[in-house]
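Undergrad: One structure, pasted below without further comment.
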Amino acid sequence: MSKVAKIVQFHKLGGPEVLQVEALPIPEPGKDEVRLRIKAFALNRAEALFRQGHYILQPQFPAKLGYEAAGVVEAVGPGVDESLIGKTVNTIPNFSFSHYGVYGEVAVVPVTALGTYPDTLTPEEGASVWMQYLTAYGALVHIANVGPGDFVMLPAASSSTALAAMEIVKAEGGTAIGITRTATKKADLLALGYDHVVVSDDEDVVKRAAEITGGTGARIIFDPVLGSGIEVLAQSAAYKGIYFAYGLLDRSPTPFPVWSALSKALTLRGWAFPELFHDAEALRKAKDYIFRHLSTGALKPKVAKIFALDQIVEAHRFMDSNDQIGKIVVKVEE
């Protein structure tokens, strides 16, 4: 058995080209850790930000990256049940890039990061579960209690998290309104299940929201973009609506929409899925909900494109292009 494996690292900040596939010694898991033989891993915006030095953590070089993977447990560290060896698992992103990363043929992760996915999913789909569905579930179900009659506006409608949110809104009987910048993806987004898609470059978003909602506005807005667009979306909200900010794709200043907040008694709330990790019962409910709905097909990860491990630079370039609809995944050949 080989004592080395291909693992992605980077040694300086920058664009996709800083990523390198390197042959490194296979690491041994420490206390409360496991080593996975990776079958597939998924890309997330956080990893591009980390690569560029714009994330909440700064890399310590050489740096690994990657939150989400699917694979098989091949070794366990002290304090870990040996019966896990041979189990097919995926990773819940409850760890820090300061210590862990799953881009590669093998990865060591905390045993607490192990999740499961239905065997009806491929490894590529199994690697595309927890980041998007925990983010969407926590805001929409755990906090906002989305249900029948609710209108939900979803900017960045082609992103994996917005697609996950759309599926959850539909599963709970609400109406999902996707917001996309250009008309290029509109037909595909409607085919994937959105009830309505508004093209912000071509349409008056406030007017269209009023038409769709019968003048009431959207009770929930789930926004990873922010920037100046917050003003328009806040005007589209319902009275006593809730506006979730869960990202900052637009890095320009984000004004506080004071008049909409006052006139609509609007709640503006920051949201990040690690909040669920502070509430064991809420996390248990989230995991049960997601697994159950994956099993029934109500939730189905959308994989935009699959790359090979040696194409990691191209995979990150594709992520930076914003041309994808859904998750970008790297398949690791056995």
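Taken together, the values in this text are just the output of simple stated rules run on the coordinates, not laboratory data. All values reported here derive from a predicted model rather than from experimental measurement. Glycine gets a Cβ as well: all are built from the backbone with ideal geometry, and neighbour counts include every protein chain shown.
Undergrad: If the only charges are +1 at each Lys and Arg Cβ and -1 at each Asp and Glu Cβ, what is the size of the charge dipole of the range 131-275 around the Cα centre, to the nearest 20 debye? List each step's numbers first, then the result.
TA: Values: 11 positive and 14 negative charges, 42 e Å.
That gives the range 131-275 a dipole magnitude of about 200 debye.
Undergrad: Please list, ordered by chain and number, the residues whose modelled amide H lies under 5 Å from the amide H of GLY15; skip anything fewer than 5 residues away on the same chain.
TA: Under 5 Å from the amide H of GLY15 lies no amide H from a residue far enough along the sequence or on another chain.
Undergrad: What does the charge dipole of the chain about its Cα centre add up to, to the nearest 20 debye, if the Cβ of each Lys and Arg holds +1 and the Cβ of each Asp and Glu holds -1? Walk me through the numbers on the way to the answer.
TA: Values: 32 positive and 37 negative charges, 61 e Å.
Roughly 300 debye for the chain.
Undergrad: What is the extension gain from ASP279 to ILE306, computed as 0.36 nm multiplied by their sequence separation minus the C-alpha to C-alpha distance, in nm to one decimal? Show your work: numbers first, answer last.
TA: On the way: separation 27, 0.36 × 27 = 9.72 nm, distance 3.44 nm.
Taking 0.36 nm per residue and subtracting the Cα distance, the gain is 6.3 nm.
Undergrad: Can you compute 3J(HN,Hα) from phi for each residue in the range 137-152, using the Karplus curve 6.51 cos²θ - 1.76 cosθ + 1.60 with θ = phi - 60°, rounded to whole Hz and x for Gly and Pro?
TA: 4, x, 6, 7, 9, 4, 9, 8, 6, 4, x, x, x, 7, 9, 10
Undergrad: Sort the following peptides by mean Cβ neighbour count (other Cβ atoms within 10 Å, averaged over residues), highest first: 40-51, 158-169.
TA: Numbers: 40-51: 23.5, 158-169: 26.2.
The packing order, highest mean first, is 158-169, 40-51.
Undergrad: Test of understanding: ordering TRP271, TRP259, TRP130 by Cβ neighbours within 10 Å, fewest first, what list do you get? Spell out each step's value before the answer.
TA: Numbers: TRP271 21, TRP259 11, TRP130 24.
So the ranking, lowest neighbour count to highest, is TRP259, TRP271, TRP130.
Undergrad: Tabulate in residue order the Karplus-calculated ³J(HN,Hα) for the range 4-21, using 6.51 cos²θ - 1.76 cosθ + 1.60 with θ = phi - 60°, rounded to whole Hz; enter x for Gly and Pro.
TA: Listing the rounded values in order: 10, 8, 7, 9, 7, 9, 9, 10, 7, 6, x, x, x, 5, 6, 6, 10, 8 Hz.
Undergrad: Based on the alpha carbons, how large is the Rg to Rh ratio for the range 72-215 when Rh follows Kirkwood? Don't skip to the end; give the middle numbers.
TA: Details: Rg = 19.1 Å, Rh = 17.5 Å.
Rg/Rh: 1.09.
Undergrad: Now for a separate question. Out of SER263, VAL225, GLY147, whose Cα points farthest toward the positive end of the dipole of the range 131-275 (charges: +1 Lys, Arg; -1 Asp, Glu; placed on Cβ)?
TA: SER263
Undergrad: Here's another thing I want to ask about it. Counting helices only, and only those DSSP H runs with n ≥ 4, report the 222 nm mean residue ellipticity of the chain as the sum of -39,500 (n - 2.57) divided by its residues, in deg cm²/dmol to the nearest 500.
TA: Values: 10 runs with 88 residues, N = 334.
That comes out to -7500 deg cm²/dmol.
Undergrad: Let me ask something additional. Rounded to the nearest 5, what % of the DSSP beta bridges within the range 131-275 are antiparallel ones? Before the final figure, lay out each step's value.
TA: Values: 0 of 20 bridges.
The answer is about 0 percent antiparallel.
Undergrad: 5 Å is the cut-off here: which amide hydrogens, built 1.01 Å from N in the peptide plane, fall below it relative to GLU22, excluding neighbours closer than 5 in sequence?
TA: Those qualifying (amide H under 5 Å, at least 5 residues apart or on another chain) are ILE7, VAL8, GLN9.
Undergrad: Where both partners of a DSSP beta bridge lie in the chain, what percent of those bridges are antiparallel, to the nearest 5? Write down the numbers at each step before the final one.
TA: On the way: 30 of 55 bridges.
If we restrict to bridges inside the chain, about 55 percent are antiparallel.
Undergrad: Tell me whether the range 131-275 comes out rounded, prolate or oblate; compute the Cα gyration tensor, take square roots of the eigenvalues as a ≥ b ≥ c, and use a/c under 1.5 as the rounded threshold. Walk me through the numbers before you get to the answer.
TA: Values: a/c = 1.17, a/b = 1.06, b/c = 1.10.
It is rounded, given that a/c, with a ≥ b ≥ c, falls under 1.5.
Undergrad: Let me ask something else about it. For ASP150, ASP223, which order do you get if you count the other beta carbons within 10 Å of each Cβ and list the fewest first? Intermediate values should be presented prior to the final figure.
TA: Numbers: ASP150 21, ASP223 27.
Going from least to most buried by this count: ASP150, ASP223.
Undergrad: Going out from 0 in 5 Å bins, what whole percent of all Cα-Cα distances in the range 41-140 drops into each bin?
TA: The distribution over the range 41-140 is 2, 13, 23, 23, 19, 12, 7, 1, given as percents.
Undergrad: Normalised by the residues of the chain, what does the relative contact order come to in percent, with Cα pairs under 8 Å and at least six apart? Let's see the in-between values first.
TA: Values: 744 pairs, mean separation 56.8, N = 334.
For the chain, the relative contact order is 17 percent.
Undergrad: Enumerate the lysines that LYS287 could reach by cross-link, defined here as Cα to Cα under 27 Å, with residues fewer than 8 away along the same chain left out.
TA: List returned: LYS31, LYS39, LYS64, LYS87, LYS170, LYS300, LYS302, LYS305, LYS327, LYS331.
Undergrad: With r as the distance between the Cβ atoms of ALA171 and HIS11 and R0 = 45 Å, compute the FRET efficiency 1/(1 + (r/R0)^6) and round to 0.05. Please report the intermediate quantities before stating the final value.
TA: Values: r = 44 Å, r/R0 = 0.97.
Efficiency, rounded to the nearest 0.05: 0.55.
Undergrad: A follow-up question, please. Want the number for LYS3 to LYS240: 0.36 nm per residue separation, take away the alpha-carbon distance, what's left? Display every interim value, and only then the final one.
TA: On the way: separation 237, 0.36 × 237 = 85.32 nm, distance 5.88 nm.
Gain on stretching LYS3 to LYS240: 79.4 nm.
Undergrad: Using the 2.2 N^0.38 Å rule of thumb for compact globular proteins, work out how the chain stacks up: its C-alpha Rg over that value, please. Mind showing how you got there, number by number?
TA: Numbers: Rg = 20.1 Å, N = 334, 2.2 N^0.38 = 20.0 Å.
Against the compact-globule rule of thumb, the ratio is 1.01.
Undergrad: Which cross-chain or sequence-distant (5 or more) residues have an amide H under 5 Å from the amide H of VAL146, H modelled 1.01 Å from N in plane?
TA: It is VAL141, by chain and number.
Undergrad: Just to check I understand the Karplus step: with θ = phi - 60° and J = 6.51 cos²θ - 1.76 cosθ + 1.60, what whole-Hz values come out for the range 274-289, glycine and proline as x?
TA: x, 4, 5, 6, 8, 9, 4, 5, 5, 5, 4, 4, 4, 5, 5, 4
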